[in-house]
Each structure stands twice: as C-alpha cells, then as structure tokens.
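Report on the structure given below.
The values are calculated or read from the model by the stated rules, or taken from the named source; none is laboratory data. The model shown is predicted, which means the values in this text are computed figures rather than measured ones. All Cβ positions, glycine included, derive from the backbone under ideal geometry; neighbour counts span all protein chains shown. All accessible areas refer to the heavy atoms of the entire protein, side chains included, with ligands and DNA or RNA removed. Shrake-Rupley method; radii C 1.70, N 1.55, O 1.52, S 1.80 Å.
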Amino acid sequence: MTELALAALELDRKLDAVPVYYYRLTFDDDHEDINPTQLTRRGARMLSGANGWCAVTDGEPLRVLSLRPLKVLRHEWNGMCCTASDETAGTLKSANPSEREAIQRLLNQCLMQGARKLAYSSDGGLEAEQGAGNLVRLTACQPSERVSAGGDYLDAFQSVTLIPDVLPDGTALVGFDVRHRLLPRPHLTLDWVIRKRPEWMEGIRRVRHRYVSTGQYGTAELIGIATGRTALSTFPTPKGEVSLLGYHESKGNLPEGEREAVAASHVVQVRYGRDTRAKPMEHLAALLQPMFDFDTLSQIDSRLLERIARSLKWPVGERLKAAIRLVKGLKVSELDACLQAVEDTQRFARDLKPEFRLLFRGAAVADSERAVLRHGAYQGMTRKLVVPLVVGGTALEQAVAVRHFEAVERVCRQWHSDLPSWKTAPPAGDAEALNQRLAQRKPENALLLIGLGRGADKRKIRNVAYRYGLATQFMRLDHPPRTYQSTYYNNLAAGVFSKGGGVLCAIDDMPGETDLFIGLDLGGVSQRAPGLAFLFTREGAQLGWQLAEAQRGERVEDAVLGDLLERSLQAYRQVHLGALPRRIALHRDGRLFESLDVIRNFERDYSVRVDVLEVVKSGCPPLYRRGVVAENKKAFRNPEVGDAFELPGLDELIIATYSGEELGSSWGDKVTVRPLRLRKRYGETDLHTLARQVVLLSRIHGASLYRHPRLPVTTHHADRFATLRQECNLDDLSKMDRLCPVYL
C-alpha cells in the first residue's frame with residue numbers, strides 16, 4: 001500500500017497573519033521609462049540590500065513593505081537613488097489573494113537569508129544564490145559523485161531549488177526541485193573559450209559573472225566579440241571616462257591574482273534583461289563564464305552529452321535524499337520558523353485519471369495511440385501526393401534512402417486504404433537546387449518526405465518547402481544502422497500520416513462540455529512570438545494554427561488576443577456548419593499575463609463560455625508514492641497517471657501525466673517523473689474536470705507512437721510551433737496551409 005506525497009516540507013507555523021511595516025518610495029530622478037511595478041521592485045531590492053538583505057517586497061506601486069523596521073531609509077545604486085518614508089505598521093492576511101502573494105515573496109526572501117547562512121556555515125560546502133524566477137537555489141560545491149563528466153572544462157553539481165507556496169489558511173509549503181547543474185570549471189572563462197575553443201562561440205548563448213553583484217551571480221545574453229576593443233578601452237560614466245579594467249577593479253570584481261589575465265582579456269558584448277531594444281553592453285570575457293545546458297552541449301560537445309545523459313537521470317527516492325541533505329539545518333529566522341515534514345499529506349491527494357478511450361479504424365477502442373499499429377488509423381490522409389526525395393548526401397545514402405522510403409510507405413498503407421499517390425523524385429543537391437526545381441514545377445497538394453544527407457541544411461530546405469506551400473517530413477540518413485528499426489519507421493509514418501491530413505485516433509469521450517481547446521504559447525526570450533494550436537474536443541482532431549503579430553514582453557496584447565480567439569472560433573464554425581462550441585478551454589503555456597477583460601468581452605460578443613487554465617511545465621516539485629517494504633524500510637516510486645496534489649483554496653494542483661511504468665522497465669525506476677502545475681484563472685468548469693481534460697489530451701500527439709507528450713497536446717503543439725516560428729522564415733511559413741501540423 002502506498003500513499004501520494006509532494007517533494008516538499010512546510011513551515012512549523014502558519015503565515016495567516018504576518019506583521020509588516022509599510023513605506024512610501026520616492027526617487028531623486030524621474031524614471032518614466034521604467035514600469036512603476038518594476039521601479040518599485042528595484043527600490044525594494046535596493047533597500048533590502050542596504051538593510052542586510054532583510055525581507056522587503058513591493059506592495060502597490062511606489063510602496064514597499066518589510067518584515068522589520070528599516071534602519072537605512074535612503075540608498076543609491078548604479079545611478080539610481082530611492083528614499084523610504086512614512087513608516088506605518090500593518091498586517092498581511094493570507095486569506096487576501098494580493099496580500100498572500102506578498103507573504104509568499106517575503107517567505108522567498110527569508111528562505112534566501114536562511115540559505116545564505118547555511119552556505120556560510122558549510123565551510124565552502126554549499127553555495128546559495130537566486131535561480132530562475134528569483135527562487136532560492138542551493139548548490140553543492142563538490143562535483144556530484146553520480147555524474148562523471150570526464151571532460152576538462154565542466155563538472156556536474158547537485159542543486160535544489162526551493163519553491164514556496166502559501167495557502168489561504170496560512171500553511172506555508174516549500175517544495176524541492178532537485179537537479180544536476182552543469183557548471184564550468186573555475187579556470188574556464190569566456191576568454192579561454194575565445195582563445196582555445198573559438199568554434200564553441202556560436203553555440204554559447206548565455207554567460208555568467210564570475211563575481212557576485214547584489215547578492216547573486218548575474219547572467220546575460222552573449223551577443224558576440226567586440227572587435228577592436230580591449231580591457232583598456234574606455235566608456236563614459238557620470239564621473240567621466242573610465243576603462244573597462246578600471247571599472248571592474250574599482251568594483252572589486254577582479255579575482256585575486258588575475259589582474260594581468262583580465263588586462264589581456266577580449267571584450268565581448270552582452271545584453272541584460274529580455275528587451276531586445278536594450279543597448280548591448282561591453283564586458284571583459286575573462287570575468288565571464290559560459291553557461292552550459294543540453295542545447296549548448298549538443299552543439300559544442302555532443303559526445304560528452306551522450307556520455308553523461310544517463311547518469312543525469314535520477315530516481316525519485318535518491319532525489320528526495322539529496323534534497324533533504326542539501327537543506328538540512330536551514331532555518332527561516334526572520335519568520336521565527338523551521339522546516340518540518342508536511343503533516344497529513346492525504347488531505348491534499350487526489351486521483352484524477354480519466355478513462356482512456358481512443359477510437360481507431362472500424363470503431364476499435366484502445367487506450368494508447370500506439371494501437372494504430374494493430375487497428376489502423378481513424379481517418380485517411382487528405383493530401384493527394386507524397387513525394388520522397390533526398391537532399392544532399394552521398395551516392396550510398398541516396399541509394400539506401402529508397403529502402404527507407406518504401407518501409408514508411410508500407411506502414412502507412414497498413415493503416416488506411418485511402419492514401420495519396422507516392423512518387424519518388426530525383427535527389428537535389430541542396431536547398432537552392434530544390435528551390436530551382438520547385439520554381440519550374442511544383443507538385444500540388446503534396447507532402448515532401450525528405451531524406452537529409454550529411455551536411456544538408458534542414459532549416460533552409462524547410463523554408464523552401466514552405467515557400468511553395470508544401471508540408472515536410474524529414475528523416476536523417478546518417479544514423480547508425482541499428483536506428484533503422486520498425487519503431488523508427490512507425491514514427492516516421494505517423495508524422496507523414498498526420499501532416500498529410502490523416503487522423504491516427506479520435507478521443508471517444510472527453511470530460512466536461514468543452515468543444516474547442518486552444519493552446520497559447522509565447523516563443524522566444526525577448527522578442528515574443530505567439531503561436532496557437534487548437535483541436536476538436538470530442539475527437540481530438542486538429543483544426544489548425546494561427547499566427548499573431550510579434551510583440552515584446554510576456555503578454556499578448558488585448559487586440560491580438562481578441563483576434564486570435566475570433567479566428568479560432570471561425571475555424572471551428574467552418575467545419576461545424578456554423579454551429580458554436582458549447583465551451584472553449586484556453587490553455588496558456590506558463591503564467592497568464594493577458595487581460596481577462598478580453599475573455600469577458602469575447603464571451604459577451606459571441607455567447608460562448610470560456611475557461612482559462614495555466615499549464616506550467618517547469619519549476620514544479622515532483623510527486624511521488626511512498627510505502628513500507630520488508631523490515632519497515634521506506635520505499636519510493638514515481639506517481640501514477642492522474643495522481644494530483646491539490647492546493648486548497650487556490651484552484652491549483654500539481655498533477656502527473658506520466659507514470660514510471662509507461663517509461664518502461666529500463667527507465668521507469670531510474671528517473672523522476674516531472675509533473676505539471678495547473679492553475680485555473682477563469683471560467684465555470686471545475687478544476688478537476690479541467691485537469692482530467694489535460695491528462696486525456698496528453699495521450700495524443702500525431703507523430704510519436706511510443707512516447708506521448710508530458711504536456712496536453714494543446715500547449716505541446718503551441719510550444720513546438722512557437723519554436724518553429726523562430727527558426728524558419730515567417731514569409732515562407734505564412735504560405736503554409738493552416739490545417740497542416742507543420743511543427744510535428
């Protein structure tokens with residue numbers, strides 16, 4: 001017998017009523033170019049640092065609050081000066097949503113204080129810093145024994161991110177997200193990369209300061225090398241011209257004994273923040289380190305990534321032990337609290353697994369998309385022609401490709417009798433050769449099955465195909481021979497079938513009354529690119545995708561969101577003889593920053609009710625099941641599909657869309673399943689029904705028979721589409737049929 005639990009601790013006191021001190025903020029200069037909320041948060045951070053990093057956060061614009069009276073009321077930093085005045089005592093109530101958010105931010109800052117003290121007392125064993133989303137991150141300073149990088153430039157370190165949640169009744173949970181961090185070795189500076197591994201520069205996207213500023217190691221986007229500049233080059237400051245070397249020396253940023261190396265450093269351009277309009281700044285490469293992630297390593301050292309990938313996997317029980325070891329002794333002194341085990345976890349536990357009934361050819365029913373191999377596809381392809389061809393490659397690759405193409409065609413013909421014609425085309429040398437050929441004669445209503453020879457540029461080839469309105473399914477011709485098994489051909493056939501207008505399976509019975517699902521995602525880091533995917537609820541068939549104007553920031557503009565909703569509704573009505581859907585569910589990938597007034601106006605104008613659900617895929621503590629085996633020994637394993645941990649009073653829950661069993665015997669007990677966080681923001685449909693819909697929508701994909709998405713297909717496809725939009729030519733993409741799932 002096992003019970004469900006969350007990888008979290010809780011405070012030993014409730015934060016239902018937290019005494020605070022309010023202050024009004026003023027700034028010496030006008031800062032009309034800075035959003036009032038951002039300006040207030042900057043002032044709060046300045047005053048927190050000036051007062052020993054006590055907990056200070058923003059309330060309303062130009063108003064801050066702290067857990068204790070501020071001794072330093074005026075502070076200047078980086079050319080900005082703020083003053084706190086009008087001290088007033090008050091109390092934050094966790095039952096009030098806005099005040100609860102302030103309590104949660106204060107708790108996060110108190111955790112940071114406790115983490116810093118814990119790191120200081122560890123004699124160099126731990127490092128505390130702010131991670132993504134300003135969450136507290138503790139990292140072991142000794143390389144992980146689990147992962148042997150075996151390289152000369154990086155090591156893997158165990159780290160835990162603390163995720164605070166305050167519930168309306170004042171219960172304060174602190175979740176754990178435990179991972180390995182791939183960090184450069186101390187000697188590895190960006191200047192070393194430029195001198196020793198210049199070919200890496202193209203793959204490095206972000207860099208990290210080697211020095212601490214405002215309590216953390218800053219990070220920035222790497223733009224490139226600043227040609228013609230040196231460490232002695234000057235730049236203007238309010239106090240006059242100063243050299244790059246002199247500036248960093250005055251700030252104490254030079255590592256001990258490295259002045260000579262820094263003086264000889266290359267100069268690079270970096271950009272801070274997310275606004276691409278921000279002017280790049282110059283920095284000394286010797287004071288920066290490259291940041292490594294899977295994407296970066298796949299470009300600069302794919303062999304190393306392949307070697308360590310398996311050891312980076314981590315069973316849930318071992319993750320829990322590592323988390324407890326890293327946070328052991330952490331105290332939340334400013335709140336007079338300590339961390340303890342979560343009491344009565346079963347009051348939060350829910351089982352929200354829906355019945356999986358997927359329809360295939362002849363009304364056959366199964367619980368997995370893979371059943372298309374046994375029953376055949378629900379609906380045949382609508383494109384009239386499939387054209388297999390090779391682009392680039394050797395004569396041997398081109399000859400072998402014929403066998404691959406024939407294998408894919410055989411699979412498709414087993415699934416449905418209503419298939420387009422297949423007509424193999426001669427090889428094309430490169431993207432330009434393909435462009436010249438299509439300019440002379442373009443096949444109509446066709447899909448290109450393209451074998452990529454070694455060195456072929458996939459992006460350029462894809463842009464050419466889109467330019468002529470041709471869907472594409474790519475396959476590589478340089479895999480090891482063992483790759484070309486039936487599973488490989490089955491997945492390729494699924495992609496061809498779906499992009500050709502076919503439907504592998506249909507959903508038989510969706511919970512609730514939702515008839516149209518919309519997945520919304522913003523792609524990019526600074527220049528955000530909205531992508532949209534939507535489906536029939538009752539069948540799971542895709543209606544298509546929509547494009548919106550590119551924009552800045554985390555928010556889709558009101559007019560853009562309204563237009564996307566209207567076009568989605570029109571697409572639904574076109575295939576339903578003008579009928580309106582009973583309900584629409586909008587799945588937002590990540591936090592919803594858009595205005596709910598747009599949703600309300602849409603409901604009023606079209607007499608259609610809408611539910612809005614945030615689907616957060618990262619920064620979520622894992623779920624696990626625990627039990628007792630022989631000799632009262634505790635055992636831990638991954639959750640079951642539909643296992644959920646509800647956060648009472650918040651209309652939020654954490655849910656598993658995968659189980660260890662689904663990953664197979666070789667992986668299921670060696671990895672930790674990552675759950676999703678679902679947050680209902682608007683609508684009348686209850687959260688449990690919305691969650692069951694999400695789980696069911698995670699069972700269909702269209703091009704991967706052996707692994708369903710962790711995300712619902714709505715935000716999974718929208719996320720893939722947003723990534724594609726950044727990679728391809730937008731003018732070419734705009735010529736594609738909106739019904740074609742180009743991003744599969």
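Using a cut-off of 16 Å between alpha-carbon atoms, which lysines can reach Lys735, once sequence neighbours fewer than 8 places away in the same chain are excluded? Partners found: Lys442, Lys460, Lys499. Dipole orientation for the chain: of the candidates Ser666, Leu339, Leu596, Ser666 has the Cα lying most toward the positive pole (charges on Cβ; Lys, Arg +1; Asp, Glu -1).
Computed packing ranks the peptides 250-257, 41-48, 566-573 as 41-48, 566-573, 250-257, most packed first, by mean other Cβ atoms within 10 Å. In a reduced charge model with +1 at each Lys and Arg Cβ and -1 at each Asp and Glu Cβ, region 215-295 shows a dipole moment near 360 debye about its Cα centre. If you average the sequence gap of Cα pairs under 8 Å that are 6 or more apart and divide by the length of region 73-154, what percent do you get for the contact order? Once divided by the residue count of region 73-154, the mean separation gives 14 percent. Short-range pairs are left out: with C-alpha atoms under 8 Å and at least six residues apart, the relative contact order of the chain is 13 percent. Give me the 1.4 Å probe accessible area per residue for region 310-358, excluding ligands and nucleic acids, in Å². Heavy-atom SASA per residue in region 310-358 reads 55 Å². The share of alpha-carbon pairs in the chain lying farther apart than 35 Å comes to 53%. How many angstrom lie between the Cα centre of region 606-676 and the Cα centre of region 401-472? Their Cα centres are 40 Å away from one another. Bridgeable lysines around Lys117 (alpha carbons under 27 Å apart, same-chain partners fewer than 8 residues away excluded): Lys14, Lys71, Lys251, Lys321, Lys328, Lys331. Can you find, among Val615, Ile654, Ala635, the residue farthest towards the positive end of the dipole of region 574-706? Put +1 on the C-beta of Lys and Arg, -1 on that of Asp and Glu. Of the options given, the answer is Ala635. Ligands, DNA and RNA are left out, and with a 1.4 angstrom probe the accessible area of region 227-286 is 63 Å² per residue.
Which aspartates and glutamates have a Cα less than 19 Å from the Cα of Lys458, not counting those fewer than 8 places away in the same chain? Those aspartates and glutamates meeting the cut-off are Glu202, Asp295, Glu397, Asp430, Glu432, Asp478, Glu727, Asp731, Asp732. The charge dipole of the chain, taken about the Cα centre with unit charges on the Cβ atoms of Lys, Arg (+1) and Asp, Glu (-1), comes to about 1820 debye, rounded to the nearest 20. Of Gln216, Asn108, His701, which is farthest along the charge dipole of the chain in the positive direction, counting Lys and Arg as +1 and Asp and Glu as -1 at C-beta? About the Cα centre, the residue reaching furthest to the positive side is His701. Judged by the mean number of other Cβ atoms found within 10 Å, the most tightly packed of the peptides 582-595, 494-507 leads the ranking 494-507, 582-595. Remark: region 418-516 carries a charge dipole of roughly 820 debye about the Cα centre, counting +1 on each Lys and Arg Cβ and -1 on each Asp and Glu Cβ.
Counting charges near Ala115 (Lys, Arg +1; Asp, Glu -1) among other residues having Cβ under 11 Å from its Cβ returns a value of +2.
The value of relative contact order for region 142-203, using C-alpha pairs under 8 Å at least six residues apart, is 29 percent.
First compute the accessible area of the chain with a 1.4 Å probe, then give the percent of it belonging to carbon and sulfur atoms. Whole-percent figure for carbon plus sulfur exposure: 48. Using the average count of surrounding beta-carbon atoms within 10 Å as a protection proxy, the listed peptides 62-72, 717-727, 394-404 rank, highest first, as 717-727, 62-72, 394-404. Looking at region 376-473, the accessible area is 48 square angstrom per residue; that uses a 1.4 Å probe and ignores ligands, DNA and RNA.
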